[in-house]
């Protein structure tokens, strides 16, 4: 008997962790916020595994994610999407942008970019502009390469990334862009975007054939996600996602950015900082009910 088609009349939420470490309290907050809002608005809740980085993402961490979420008693709809099995979807999006002349190969290493930025800062006596994450904006070293020379270097297997030509992309979008933020009670307000503050962002690498920006944009559209709920640290990145949605003819979901949990040093909880995992808390005797109460979900 064939399964019933998904219900497209209800809002769709998603929780999308990366399996490059164990989940911590910040992930629990995000997952529980998605669960609470999906319940409040009568929506569906999906689980997606964002494992495009095949060198850092490991199967045991996927198992750990599922174990932690089951422990928290968060229920997701059947049908887990793993990004690593959908690279063809991202390749199709890249091909669409390439046909419109909106991406170009860049052969610069991070160190080469830092060196050029340092020289230009020394020459001008001014700090080089940085993106919202604090990285120097790409100085456009490969933007003017002859297309035949660029193709030759790509064909020769030279390491490279694919960058979005931000100026051309903004022009191609054809209009000022914005997205809508919704609050916990369902109120909404528009937010204008400024993707130019990111410069020519990377959309794919030779070893990872997509990027977070591209993959999350394509996935949300393919999964019919209508409400994106994520931390405030990803608020600025939404500018790039809305631009990509416009370029690729994809719908723009509603967005909500929840608070971040900070450690004793005032830094957000992160796997890279070895923030205490949910597994460690569980082993110490903390219960799922304790976690829900601690985070305000009772």
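A quick yes/no check of all residues on (1) over 23 Å from residue 86 (Cβ atoms); (2) modelled with pLDDT of 95 or more:
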residue: 212; (1), (2): no, yes
residue: 255; (1), (2): no, yes
residue: 265; (1), (2): yes, no
residue: 278; (1), (2): yes, yes
residue: 283; (1), (2): yes, yes
residue: 292; (1), (2): yes, yes
- prompt: Taking only pairs six or more apart or across chains, which ones have beta-carbon atoms under 6 Å, a first residue in segment 263-289 that is within 11 Å of residue 68 (Cα to Cα), and a second residue that is assigned to a loop (DSSP other than H, G, I, E, B)?
  reply: 277/22; 278/23; 279/22; 288/72
task: Spot the failing condition for residue 104; the list is (1) outside the structural domain of residue 43 (by TED's automatic domain parsing); (2) touching a residue at least 40 places away in the same chain (Cβ under 8 Å); (3) part of a helix (DSSP H, G or I), and only one is missed.
output: (3)
- prompt: Does segment 155-181 hold any residues that are modelled with pLDDT of 95 or more and touching a strand residue (DSSP E or B) at 6+ places or on another chain (Cβ under 8 Å), and which are they?
  reply: 160, 161, 162, 163, 164, 165, 177, 178, 179, 180, 181
message: Could you go through segment 138-145 and let me know if any residue there is in a helix (DSSP H, G or I) and either over 30 Å from residue 282 (Cα atoms) or not assigned by TED's automatic domain parsing to the domain that holds residue 14 (or both).
response: no
message: Here's a check for you: in segment 197-210, which residue that is within 18 Å of residue 85 (Cβ to Cβ) and touching a helix residue (DSSP H, G or I) at 6+ places or on another chain (Cβ under 8 Å) is surrounded by the fewest Cβ atoms within 10 Å (Cβ to Cβ)?
response: 209
Verdict on residue 95 being out of contact with any helix residue (DSSP H, G or I) (no Cβ under 8 Å at 6 or more places or on another chain), under 27 Å from residue 220 (Cα atoms) and part of a helix (DSSP H, G or I): yes
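Can you tell which of 233, 200, 220 is within 20 Å of residue 90 (Cα to Cα) and under 12 Å from the mean Cα position of the chain (by Cα)?
220
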message: Just the residues that are assigned to a loop (DSSP other than H, G, I, E, B) and either more than 19 Å from the chain's Cα centre (by Cα) or farther than 16 Å from residue 110 by Cα (or both), please, taken from segment 122-136.
response: 125, 126, 127, 128, 129, 132
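The values are calculated or read from the model by the stated rules, or taken from the named source; none is laboratory data. Because the structure is predicted, anything quoted here is derived from the model rather than measured. All Cβ positions, glycine included, derive from the backbone under ideal geometry; neighbour counts span all protein chains shown.
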